[in-house]
1. Kindly list, by first and then second residue, each pair from a residue in region 203-228 that is in contact (Cβ under 8 Å) with a residue 60 or more places away in the chain to a residue that is of a type in the set (Ser, Thr, Tyr) and in a strand (DSSP E or B), limited to pairs with Cβ atoms under 6 Å and residues at least 6 apart or on different chains.
2. Looking at (1) surrounded by fewer than 18 Cβ atoms within 10 Å (Cβ to Cβ); (2) of a type outside the set (Asp, Glu); (3) within 21 Å of Arg268 (Cα to Cα), which one does Tyr20 not meet, given that it meets all the others?
3. Being of a type in the set (Phe, Trp, Tyr) and in a loop (DSSP other than H, G, I, E, B) is the filter; apply it to region 94-112 and report the residue that is nearest to Thr41 (Cα to Cα).
4. Of all strands (runs of 3 or more DSSP E) completely enclosed by region 160-206, which ones contain at least 2 residues that are modelled with pLDDT under 90 and more than 14 Å from Tyr222 (Cβ to Cβ)?
5. Of all the residues that make up region 213-234, how many are aromatic (Phe, Trp, Tyr) and in contact with a strand residue (DSSP E or B) (Cβ under 6 Å, 6 or more places away or on another chain)?
6. Counting only residues that are exposed (fewer than 15 other Cβ atoms within 10 Å of the Cβ) and among the β-branched types (Val, Ile, Thr), which one in region 24-55 is nearest to the chain's Cα centre (by Cα)?
7. Can you name the number of the only condition in (1) closer than 24 Å to Gly214 by Cα; (2) part of a loop (DSSP other than H, G, I, E, B) that Val143 fails?
Amino acid sequence: MKLNIRLPEDRGWVYEQFNYPAGELQVRIQPDKIKQLCESTEVSVTANIRRSEDLIALCLLTDALRETLQGRSDMELVLPYLPYARADRRFVDGDCYALKVFGQIIDGLAYSQVVTLDAHSPHAKKCIANLVDVSPLPLINEVISRIDPRTVILLPDEGAARYGLKGALQCTKHRDSKTGKLSGFSVPSREKFGEAHNVLIVDDICDGGGTFLGIAEKLEDYGLDLYLYVSHGIFSKGTDELRERFNWIFTSDSFLAQHKSVSYMPWRNSGKGL
């Protein structure tokens, strides 16, 4: 029997979490769940890590599970959105290498495999042992089928070329490595789109949305219907401006953000927990 535990959603049900007066975190398996855990043959922990405290909670929960299971079950870790994947280098002198440090912590938890969706950086597999990077292509193909099979795919930069989407057009963007600010976009000429009416921009992450708004502005006079797919919809500045530019926005359910103007698609059957 495989059991699925979700962090932080199962807090208060599968496990208890609290802070001591001095600030230290404590995690404890609920007494009525211990027997159920011991009868399992496989345990999958899905962790939605959004804060540093979530990472500490994962470490403590992992320890509590291992003590409870005593090696009786295999343990898998699912990180729907891979934290620190964008920090895959030292950008300037004095920088930390956050993805490497995060990987060392995850490797120390010794899960049999670590599953994620569409990791931002190719360095992720070098930094995290046993990483399984799930391709977003089935989701992208589903979006295309919803819009129109003749939809033209537009990639915002060279990084998105890793999807291997045949016939896709590509933009370029310029980003300051120190500040992260974007300074300009270049888009294909109108002739490159042919007789197409629908264009789907495809990328892995939408944070504030500046990349996609900038591209949409450049395409404003092309007379195209624009759509957006991102594997991870953070939408830290909301979706109001994006909705003014795009007919519709599609993303997976990997990130805990729900916006009424966005279509969320399940990327993995997560089960029902304990």
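1. From region 203-228, the pairs are Asp204/Ser231.
2. Failed condition: (3).
3. Tyr111
4. Details: elements: 172-175, 182-186, 198-206.
Qualifying strands (runs of 3 or more DSSP E): 172-175, 182-186.
5. Our first condition is that a residue be aromatic (Phe, Trp, Tyr); within region 213-234, this holds for 222, 227, 229.
Filter once more, so that each one left must be in contact with a strand residue (DSSP E or B) (Cβ under 6 Å, 6 or more places away or on another chain): 227, 229.
So the count comes out to 2.
6. So the residue we want is Thr41.
7. (2)
Yes/no per residue for (1) out of contact with any Ser or Thr (no Cβ under 9 Å at 6 or more places or on another chain); (2) at pLDDT 95 or above:
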| position | (1), (2) |
| --- | --- |
| Asp54 | yes, yes |
| Leu61 | yes, yes |
| Gln70 | yes, no |
| Tyr81 | no, yes |
| Tyr97 | yes, yes |
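The values are calculated or read from the model by the stated rules, or taken from the named source; none is laboratory data. Predicted model, so just to flag it, every value in this text is computed and none were measured. Every residue, glycine as well, gets a Cβ built from its backbone with ideal geometry; the counts of neighbours run over all protein chains shown.
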